[in-house]
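The block underneath contains the structure these notes are about, expressed in structure tokens.
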Amino acid sequence: MRYMLLIYGDEKALSDQDREQCYQESAQIARDLHAAGQYIDASPLHLTAMATSVRVREGRRLVTDGPFAETREQLGGFYLIDAGNLDEAISIAERIPMAKRGTVEIRPVMEIPGLPAE
């Protein structure tokens, strides 16, 4: 089953050195998952200052600079993995560096017909 691991944390809490260390550890996890046949995709996201939010209301587009909502923790990246079950996904999630400082949300990916094949 495919799972999306959404990584949340306070983007202002990491120093540049801590952030670089987190990237290195995260890349190693991705390589380990790839070697085990569980890696589908992963990537960090730019800080919320780079975000643009789009809403359409009554047929009118509203574009806003910045994140959708002000929150204590921000979405900072993701892994898309293939895991046998939720317990296996949890075991992978706990290895992610930001799990020690923030939150890793695990969500099963829905399979719906009509999407392009890989």
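The values are calculated or read from the model by the stated rules, or taken from the named source; none is laboratory data. These numbers were taken from a predicted model, which means no experiment stands behind them. Because the Cβ atoms are built from the backbone with ideal geometry, glycine has one as well, and the counts that use them run over all protein chains shown. These area figures cover heavy atoms from the full protein model, side chains too; ligands, DNA and RNA do not enter into them. Shrake-Rupley method; radii C 1.70, N 1.55, O 1.52, S 1.80 Å.
Note that region 2-9 has calculated 3J(HN,Hα) couplings of 8, 10, 9, 9, 9, 9, 10, x Hz, one per residue in order, obtained from phi through the Karplus relation 6.51 cos²θ - 1.76 cosθ + 1.60 (θ = phi - 60°); glycine and proline are x. One chain, two ends: residue 49 and residue 20. Fully extended at 0.36 nm per residue, the span grows by 8.6 nm beyond their Cα-Cα distance.
So, by mean Cβ neighbours within 10 angstrom, what's the order for 45-58, 12-25 with the highest one leading?
12-25, 45-58
Assuming a ≥ b ≥ c are the square roots of the Cα gyration tensor eigenvalues, decide whether region 1-59 counts as rounded (a/c under 1.5), prolate (otherwise, with a/b larger than b/c) or oblate. Note, shape of region 1-59 comes out oblate. Simple point charges give the picture: +1 on the Cβ of Lys and Arg, -1 on the Cβ of Asp and Glu, and for the chain a dipole about the Cα centre of about 440 debye. Phi angles of region 81-91 translate, via the Karplus equation with coefficients 6.51, -1.76, 1.60 and θ = phi - 60°, into HN-Hα couplings of 10, 10, 10, x, 6, 4, 4, 5, 4, 5, 4 Hz per residue; Gly and Pro are given as x. I'm spelling it out carefully: the read-out is Rg and Dmax of the Cα atoms in Å, the candidates are (i) 14.6, 48; (ii) 16.1, 48; (iii) 12.9, 41, and one was derived from this structure. Which label? Answer by label: (ii). Couplings for region 49-61, taken from phi via the Karplus curve 6.51 cos²θ - 1.76 cosθ + 1.60 with θ = phi - 60°, read 4, 8, 6, 10, 10, 10, 10, 10, 10, 6, x, 10, 8 Hz in order; Gly and Pro are left as x. Solvent exposure of the chain amounts to 72 Å² per residue of accessible area, where only protein heavy atoms count and the probe is 1.4 Å. Distances between placed amide hydrogens fall under 5 Å for residue 11 paired with 74, all partners being 5 or more residues away or on another chain.
Ordering 13, 49, 103 by Cα displacement along the dipole of the chain toward the positive end leaves 49 in first place; charges were set at the Cβ atoms of Lys, Arg (+1) and Asp, Glu (-1). Treat each spin label as a single point 7 Å out from the Cα along the C-beta direction, and report the residue 12 to residue 109 distance in nm. With each label point 7 Å from Cα toward Cβ, the separation is 3.4 nm. Pick out, from 114, 36, 90, the residue whose Cα sits farthest towards the positive end of the charge dipole of the chain, with +1 on the Cβ of Lys and Arg and -1 on the Cβ of Asp and Glu. Final value for the positive-end residue is 114.
Helix content alone sets the calculated 222 nm mean residue ellipticity of the chain: runs of n ≥ 4 DSSP H residues at -39500 (n - 2.57) each, divided across all residues, give -7500 deg cm²/dmol.
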